[in-house]
Amino acid sequence: MAKVSKELWEEFKSTLNAYQTTTADKRKEFDDLKTKDGKAAKEIDMQMRKLQRISDNLSAVKSKIAQTTREGDERVSKLKEERESLIKHFQDLKGQMNELREQARERLTKLTMQSNQSLKTMKRQTEVAEKVIKFAEMCRKLETEEEKVLPFYPSTLTEEEKADITAALSDSPAFDLTKNMDDYSQMDNFWKRFNKGLLESHALEREKVELMKENQRLRSLLKQYLDGISVNDEVLRQLNPLFIVNEAAQMSVPVTEPRVARQKKLIIEAATAVRTMHHAPLEY
């Protein structure tokens, strides 16, 4: 029994030694693999933690991207609305500017036309004023010494008439034309001289008519006298013009004799020219 046990023990040892001998490389390889496995496990753990951090960062970045995208979309939407509002406001301003520009162009055109019309009117008024000054200079040369010293005749109104005029002027005017009379009060002296000249013109016209009649009568008498002192068949066949009754000739002969009649000349008197100028319409 002991011998068997010893043999078994020896066999066990030999088997164990043989096992250890045959498995030494395997154990060494196992130990190496175990070491590598430990290192690989650590590497895997480290990589897992790294992947987890990367995954967390990726999730955070995705969340941030999503939030940024939403904010960007909102901002883009607001910018689009603002852009549409600005475009509409720009169109409104452009329309207003075009309207104002058109109004300004119309006002400028109207102002230009009015300016040209005013220049033409002022030119016509200047021409009229130059004519008035020229006629005034012509009339100045024809004034008497009394008219040069006293250009405005004194008023011939009585005190009662002056009082009536003052009372009438103090009353409130009833018509628009009467209201504008005060604006032309400075023209009183002008109208005084104008009325004086007009009255003198009419007086000279009447005097001219009387003088022409007198001239015609004297020429008729002169012709009768010349016919009376002439002796020819034609005079003898007519009535004797030297036969006078009551200091008046008995016949009136029209002045057609070339010995008496003088050549007619076209004469325009100053009074007639002034009256024509005043009665002619003045263009302004």
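The values are calculated or read from the model by the stated rules, or taken from the named source; none is laboratory data. Small disclaimer: the values here were computed from a predicted structure and weren't measured. Positions of Cβ are generated from backbone atoms using ideal geometry, with glycine treated the same way; all protein chains shown enter the neighbour counts. Keep in mind that these areas ignore ligands, DNA and RNA; they rest on the heavy atoms of the full protein, side chains included. Shrake-Rupley method; radii C 1.70, N 1.55, O 1.52, S 1.80 Å.
Summary table
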| quantity | calculated |
| --- | --- |
| Residue 30 accessible area, 1.4 Å probe, all protein chains in place, Å² to nearest 10 | 120 |
| Positive-pole candidate from 76, 51, 109, dipole of segment 27-157, charges at beta carbon | 51 |
| Virtual spin-label span in nm between residue 75 and residue 94, 7 Å along Cα→Cβ | 2.8 |
| Point-to-point label distance, residue 204-residue 101, nm (Cα→Cβ direction, 7 Å offset) | 6.5 |
| Exposure of residue 118 as accessible area (Å², to 10), given a probe of 1.4 Å and all protein chains | 60 |
| Cross-link pairs 134/208; 6/26; 123/192; 131/208; 64/88; 141/223 - those with Cα-Cα distance over 32 Å | 64/88; 141/223 |
| Heavy atoms of residue 121 accessible to a 1.4 Å probe, total area in Å² rounded to 10 | 30 |
